[in-house]
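**Student:** The structure's right below; bear with me while I get my questions together.
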Amino acid sequence: MARSGWKESGTAMLPWLKAASATLALAAALGAQIKVNTNLVRVLAGVKNASGESVGSLNKEDFEVLDNGVPQQIAVFERQTSQPLSVAMMVDASGSTAKDLKYEVDSVVRFFKALFAEGNPKDAVALYSFNYQVTLHNFFTHNQAPLEHSLRSIQGEAGTSMYDAIFFASRHLEDRDGRKVMVIVTDGGDTTSVKDFQTALDSAQLAGASIYPVLVVPITNDAGRNLGGEHALATMALGTGGRVFQPTLGPALDTAFGDIIKDLRTQYLLAYYPKNVPLTKNRFHRLLVRARRPDLRVTARNGYYGDAEKQESQLRQDQAAENPGIALPNKPLKR
């Protein structure tokens, strides 16, 4: 019977409930008479030229940002941003990966070493493994030694709860400052998750995390491969501004991790306050980030969760809250 669950190893969970900000508390104390709009939307973008080389010398004027089709004014711009990285490293420990796990672990260790060797000293990594359950081995740390120790203790077992792992890691990333990334080392699809594909993708987008799947698939043809799982991960990467890698074991796997670090070191930070954005009944806003130069390709998340069009019942509740002395009828008055 398929099982999926959550397990911790060597760390205490942080509370998931965020403390309310002082501004919102003040607004509540004043009877919601103050309305604060601090909906700064942050977008991380990578840019490559026609040869696939990273381009890190663009200016704010070189970008266009559209929110639900409406151009937005970029309020914050950072080139090759040094904002701290929070990397959720997720290693597939299902039975199908057991024979290759040692080679994958060795490459992940080298990835940690390269990541911590330069960059922001506040960069941190959390380590998860997943089979029929999800295990958090180390919460976010800048210390490579405990991460490596935990990595080398991972054992392969049956089941693949990848969507659950993405969901739980997203919850932990929500409260992190700076840039948020998931690196998923796996050989394909999901078999034992409680959460489904859409729930996992939604959770990553709500957390503002980019997904970088590293699909270690030694099979050179389609026979025996979980192509559905590979396509699902490719869709997640596209939707969150990440990138898919399909290396073989050995040097190609190290190259994939090296390319991820290059991507992270050459990202642009773009941020804007949504203005004149048409609302729909869907809270998901479609984002389009593009370069004005046609020879450049931009990689960025394709949307975020924001305001939605209010239904008539919600409008009535808002009107009643703003005018407590006026009774609003549920139905039109008869003349």
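**Student:** Go over the candidates SER86, SER82 one by one and state the one that is of a type outside the set (A, V, I, L, M) and in a loop (DSSP other than H, G, I, E, B).
**Tutor:** The match here is SER82.
**Student:** Select, from GLY95, GLY56, GLY52, GLY46, the only residue that is outside the structural domain of GLY229 (by TED's automatic domain parsing), under 25 Å from ILE166 (Cα atoms) and of a type outside the set (A, V, I, L, M, F, W, C).
**Tutor:** The conditions single out GLY46.
**Student:** Take the residues in region 176-214 that are over 11 Å from the mean Cα position of the chain (by Cα) and of a type in the set (S, T, N, Q); name whichever of them is nearest to MET236 (Cα to Cα).
**Tutor:** GLN198
**Student:** Can you tell which of LEU147, LEU151, LEU227 is more than 22 Å from ILE261 (Cα to Cα) and of a type in the set (A, V, I, L, M, F, W, C)? Spell out how you get there, then give the answer.
**Tutor:** Working: LEU147 fails: more than 22 Å from ILE261 (Cα to Cα); LEU151 fails: more than 22 Å from ILE261 (Cα to Cα).
LEU227 is the lone residue from the list that is more than 22 Å from ILE261 (Cα to Cα) and of a type in the set (A, V, I, L, M, F, W, C).
**Student:** Just the residues that are within 20 Å of the chain's Cα centre (by Cα) and at positive phi, please, taken from region 69-107.
**Tutor:** Correct list: GLN80 only.
**Student:** While we're on this one: Within region 149-175, count every residue that is over 18 Å from the mean Cα position of the chain (by Cα) and part of a helix (DSSP H, G or I).
**Tutor:** 3
**Student:** Right, another one. Which of the residues that make up region 99-138 are over 30 Å from GLN80 (Cβ atoms) and either assigned to a strand (DSSP E or B) or touching a Ser or Thr at 6+ places or on another chain (Cβ under 7 Å) (or both)?
**Tutor:** SER129, PHE130, ASN131, TYR132, GLN133, VAL134, THR135, LEU136, HIS137
**Student:** Oh, and also: For region 239-271, enumerate the residues that are part of a helix (DSSP H, G or I), of a type in the set (Val, Ile, Thr) and closer than 13 Å to SER210 by Cβ.
**Tutor:** THR240, ILE260
The values are calculated or read from the model by the stated rules, or taken from the named source; none is laboratory data. None of these values were measured; they are calculated from a predicted model. Note: ideal-geometry Cβ built from the backbone for every residue, glycine included; neighbour counts use all protein chains shown.
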